[in-house]
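The values are calculated or read from the model by the stated rules, or taken from the named source; none is laboratory data. Because the structure is a prediction, the values reported are computed rather than measured. In this analysis, Cβ positions are derived from the backbone assuming ideal geometry, glycine residues included, and neighbour counts consider all displayed protein chains. Side chains are part of the model used for accessible areas, which takes the heavy atoms of the whole protein and leaves out ligands, DNA and RNA. Shrake-Rupley method; radii C 1.70, N 1.55, O 1.52, S 1.80 Å.
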Amino acid sequence: MLTTLRVLTAEALGTFYLCFAGIAAILCTVPPINAGGGLVAIALAHGLALSIAVNNFGGISGAHVNPAVTVAALVTRRITPPLALLYIVAQLLGASIAALICREVFPAEAVNAAMLGIPLPAAWAGAGTVFCVEFVLTFLLVTSIFGTAIDERGKTVKIGGFGIGLTVAFDILAGGPITGASMNPARSFGPALVMGHWEWHGMYWLAPILGACAAALLYHHFLLVTPDAPPVQEEYLDRGRR
């Protein structure tokens, strides 16, 4: 019981890191604060916070800090259904506390101007665009997670959380102006709950979860080396040395 509580606390804290830094960075870019930095600052805040969360809590809970990542772990049998549900509850709790604190400490004008950092699509983006972009961004994120934190070949490079955080940063730079680049249902849920704003919310669960599952299944069943299948690249490296 105590071990499970530690794991869930790590998930809540890791999600808090990501959501507090991300929401605060967004609020800092709008009036009356106008700190500058724009999209680059927002991308860096999310990416750096996630990198630190993964390095801090990866050894305790795996640092999913994202319901889509937890579902990806579930479909590849890396977590049991009951524990996956508890992970998601912990993540939503961490995100909600982060959003609540940001609402209380930032000026109401900034909170309302940015809708507390809720990831929302551009005015011109329809449902198909939102689904496609969030699917692709989360697909790339989960591929990086598998490549750097799960695949033993990736672990040898030892960039782990840094690589995952960089993926979030470039995803935000690429997709932030289109959909808000959530990639994370908890990141959408926290501010939506605090603001009571649920428009588009279902899409920000559906697309990231499906994108995460697609990436996880592709990596798990095709790219990941199994015990009875030695790494292919070693054969080609040996040929290159001859």
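Odds and ends about this structure:
- Each part reduced to its alpha carbon centroid, the range 56-81 and the range 121-136 end up 26 Å apart.
- Computed E for HIS197/VAL40 - FRET, C-beta separation, R0 30 angstrom, nearest 0.05: 0.70
- Each Cα pair under 8 Å and six or more residues apart adds its separation to the average, and for the range 70-208 the resulting relative contact order is 34 percent.
- Listed residues ALA49, ALA212, ALA41, most fluctuating in the chain (Gaussian network, C-alpha, under 10 Å): ALA41
- Loop-located trypsin sites (Lys or Arg not before Pro) across the range 1-97 with a Cβ neighbour count of 11 or fewer within 10 Å are ARG77, with loop assigned by DSSP.
- Residue of ALA113, ALA45, ALA63 that the Gaussian network model of the chain assigns the largest fluctuation, springs spanning Cα pairs under 10 Å: ALA113
- Point-to-point label distance, ALA108-THR3, nm (Cα→Cβ direction, 7 Å offset): 4.9
- For the chain: rounded, prolate or oblate by the Cα gyration tensor [a/c cutoff 1.5]: prolate
- Solvent-accessible surface (1.4 angstrom probe) belonging to GLU109, in square angstrom, nearest 10: 110
- Accessible surface of SER61 - all protein chains present, 1.4 Å probe, nearest 10 Å²: 10
- Between the residues PRO81, CYS102, PHE139, the greatest Cα displacement towards the positive end of the dipole of the range 77-166, with unit charges on the Cβ of Lys, Arg, Asp and Glu, is found for PRO81.
- Relative to the 2.2 N^0.38 Å rule of thumb, the range 1-47 has a C-alpha radius of gyration ratio of 1.54.
- With a 1.4 Å probe rolled over the protein heavy atoms of all chains, the accessible area of LEU140, LEU2, LEU50, LEU224 falls in the order LEU2, LEU140, LEU224, LEU50, largest first.
- Listed residues PRO67, PRO177, PRO185, most fluctuating in the chain (Gaussian network, C-alpha, under 10 Å): PRO177
- Cα gyration tensor shape of the range 107-168, rounded if a/c is under 1.5, else prolate or oblate by comparing a/b with b/c: oblate
- Neighbour cut-off at most 13 other Cβ (10 Å), DSSP loop, trypsin sites (Lys or Arg not before Pro), the range 108-187: LYS158
- Our helix-only sum for the chain, with -39,500 (n - 2.57) per DSSP H run of n ≥ 4 divided by its residues, gives a mean residue ellipticity at 222 nm of -23500 deg cm²/dmol.
- For the range 5-87, the solvent-accessible area with a 1.4 angstrom probe is 42 square angstrom per residue.
- Computed over neighbours whose Cβ is under 13 Å from that of VAL71, the net charge equals +2, Lys and Arg +1, Asp and Glu -1.
- Surface share of carbon and sulfur [accessible, 1.4 angstrom probe, percent] for the range 39-114: 70
- Take the Cα of ILE159, step 7 Å toward its Cβ, do the same at ILE60, and the gap between the two points is 2.7 nm.
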